[in-house]
Amino acid sequence: MTKIINSLDQISNHYSAVFCDLWGCLHNGIRPFENAVSALAHFRDAGGTVLLLTNSPRPSQSVYTQLDDIGVARELYHGIVSSGDAARSAMSTGLFGRRVYHVGPQRDLGFFQGVSTEDFYQGIDVELVSLDQAEGIVCTGLFDDKTETPADYADVFGKAKELGLKMLCANPDIVVDHGDTRIYCAGALAEAYTDMGGEAHYFGKPHAPIYDLARKRLTSITGQIIDDTKILCVGDGINTDIRGAIAEDLDSLFITSGLAASETMAGATIQTDQLANYFAAVQLTPTYSIGHLR
């Protein structure tokens, strides 16, 4: 059974680094959580390395800017690794072709531009084209996540399947909470495409490529190889953050107040029986659980 804790301080002395998720843990898409900021700052000040590990489809440099805009100071953390980084690295290999059809909002066009400051890839030579001209699909999200659902993509995905196009999913998250609103992410579209018989490939949590990049980035930050037993993964996504940590044999801290709040909490209090039932249903058990990161 998971160990329920009240603060990160209770276990922080066991770890040299944390891989911390963003949405639902550090912020809600609109503002940072003050207690989470304090917890990570305390870990950092005690000598720990804070690496933010996010399924954002944007390159990490864009995530820095996004965090600036909502008030998360760069002094809080040492670096960022995004699903967008891992996906761009994969796209640069040519696996999805040079001519690709983009499914996602205009704000994600940075995915296709520039050279990463994190040195994970050396630029990408791709051309955005219409679906009937494409050699592959890159999905970073819904065109309009405020109004659309995966069902709106049935016709597009039906044609893509007929063309035999592979999909690169740049964000495996199914849903995320933006403030008080739950919205679909690219993972929901990739799941729908797979259900129709299409072929989708994922490069964020819980899949190995993003963890490989995170370890590489951690080594570049610290100047040494940190043993996996000294890394703690923090997140609110049971099928992304926790499943990924378990697959990588890394310890994990599950934030119950995020995506699973209705299944695991009553108000601000974890319901131990409900939590146990939740873990049994998904057949996953994190090392630790906490209501809110603090």
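Of note:
- Those residues of the stretch 150-161 which are closer than 15 Å to residue 187 by Cα, of a type outside the set (A, V, I, L, M) and open to solvent by 50 Å² or more (accessible area, probe 1.4 Å), in sequence order: 152
- Subset of the stretch 90-106 [open to solvent by 50 Å² or more (accessible area, probe 1.4 Å) and without any contact (Cβ under 8 Å) to a residue 24 or more places away in the chain]: 93, 106
- Restricting attention to the stretch 198-212, the residues that are modelled with pLDDT of 95 or more and among the aliphatic types (A, V, I, L, M) total 1.
- Some residue of the stretch 194-203 being within 19 Å of the chain's Cα centre (by Cα) and closer than 26 Å to residue 32 by Cα: yes
- Count of the stretch 1-27 residues, restricted to those that are touching a residue at least 40 places away in the same chain (Cβ under 8 Å) and of a type in the set (D, E, K, R), is 2.
- Close pairs (6 angstrom Cβ cut-off, 6 or more residues apart or separate chains): of a type in the set (Val, Ile, Thr) in the stretch 156-176, open to solvent by less than 60 Å² (accessible area, probe 1.4 Å) anywhere: 174/187; 174/188; 176/23; 176/185
- Near pairs, Cβ below 7 angstrom, 6+ apart or cross-chain, from the stretch 184-200 (more than 11 Å from residue 167 (Cα to Cα) and free of Cβ contacts under 8 Å to residues at least 60 places away in the same chain) to any residue that is in a helix (DSSP H, G or I) and among the charged types (D, E, K, R): 196/161; 197/161
- Meets criteria (among the hydrophobic types (A, V, I, L, M, F, W, C), modelled with pLDDT of 95 or more and surrounded by 13 or more Cβ atoms within 10 Å (Cβ to Cβ)) for residue 109: no
- Scanning the stretch 7-61 for residues that are modelled with pLDDT of 95 or more and polar (S, T, N, Q) yields 7, 10, 12, 13, 16, 35, 38, 49, 54.
- On the stretch given as the stretch 148-173, residues that are over 12 Å from residue 103 (Cβ atoms), within 22 Å of the chain's Cα centre (by Cα) and at pLDDT 95 or above total 2.
The values are calculated or read from the model by the stated rules, or taken from the named source; none is laboratory data. All values derive from a computational prediction rather than experimental measurement. Glycine gets a Cβ as well: all are built from the backbone with ideal geometry, and neighbour counts include every protein chain shown. We work out accessible area using only protein heavy atoms, side chains counted, and drop any ligands, DNA or RNA first. Shrake-Rupley method; radii C 1.70, N 1.55, O 1.52, S 1.80 Å.
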